[in-house]
Each structure stands twice: as C-alpha cells, then as structure tokens.
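Take a look at the structure set out below.
The values are calculated or read from the model by the stated rules, or taken from the named source; none is laboratory data. Quick caveat, the model's predicted, so the values are computed rather than measured. Reconstructed Cβ throughout: ideal geometry from the backbone, glycine too, with neighbour counts over all protein chains shown. Keep in mind that these areas ignore ligands, DNA and RNA; they rest on the heavy atoms of the full protein, side chains included. Shrake-Rupley method; radii C 1.70, N 1.55, O 1.52, S 1.80 Å.
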Amino acid sequence: MTKAPWNSKELTVGQLSERSGVAVSALHFYESKGLINSRRTAGNQRRYTRDTLRRVAFVRLAQRIGIPLKTIADALAQLPEERTPTRDDWARLSATWHNELEDRILQLQRLRDDLTDCIGCGCLSLDRCALANPHDRLGDDGPGARRIDTRLKFCAAG
C-alpha cells in the first residue's frame, strides 16, 4: 500500500483502511449509512478528506461501547463538513451519551451481581425460580428477562 504523504489532503479508500485499521468493506458500509463521505474522482474512485480518520475512529469507539449506528449517524450529522472537528465538537457529542452510558454501566453491574441468581426470565425451570419469582409474577410484565432493563437505547439493533 502506498503511504499517503503527511500533507496529503485526501486519502484513497485503501489508505483510509490502512490508517484506520477498518476493512474497506466496512468503510463502504459506513459511507452507505452516511457515517462518512467521499468524493469521486473522474475515474470514479473514492477520495476521503483526512478528517474522515477521526470520524472512523469515533464510529469504532461508539460501536465498541454499544451505541447503535443510527445514533452514531445522528451525532455525526451535527459535525461540520467543511472543517476538521475540534476537541470541543467531540466533547459535545460524547456528552450527549453520558447519562445513557451511566445507565448501561449500572445495568451491567446489576447483571454481573445477579448473574448466578434469577434474571427474571419467567422460565420456572430452576429450583430457585419458584423462590425468586413465585407464580411467574415477572411473566405478567411481558416476555424476556424482566430484571434486565430492555428499554435502553443501546439494546436496540444498530
């Protein structure tokens, strides 16, 4: 792979892939979802501005902590297209997810602490279920694991 000069304003998809550590197919997918943008050359080749490296890093980090792609796309839509996002831009975006992440951390801690106990699935298949969930009370609240908060945005498919 030809390394892009340090002062190059644009990267090919291969250079972006190499620099970001993200597969070319994933970059094409991100572009189809509006997470990143490219321009096309006269030969119909993609060219990405250097700030796309930051956008890709942001997408990967957000995905790693469980944020759905739709939510990531909405956040990235708030960034300027004409200039490289600043530290303040990134801080503003990440701050919008702070409370949701705190809720997810609490949910995961509760799951960790109760993992060997009943999670409220309503199965009544374990001897303990009759004690933790007598008469399948939690089943009245709906299907699935009722002691896990299924309303969090992060649980939705990305």
When residues of segment 46-66 are limited to those that are among the hydrophobic types (A, V, I, L, M, F, W, C) and open to solvent by less than 70 Å² (accessible area, probe 1.4 Å), the one farthest from the chain's Cα centre (by Cα): 53
List pairs: first residue in segment 34-49 and closer than 17 Å to residue 20 by Cβ, second residue among the aliphatic types (A, V, I, L, M) anywhere in the structure, Cβ distance under 6 angstrom, at least six positions apart or on different chains. 35/59; 35/73; 35/76; 46/13; 48/11; 48/16
Counting only residues that are loosely packed, with under 15 Cβ neighbours inside 10 Å and within 15 Å of residue 73 (Cα to Cα), which one in segment 34-45 is farthest from the chain's Cα centre (by Cα)? 37
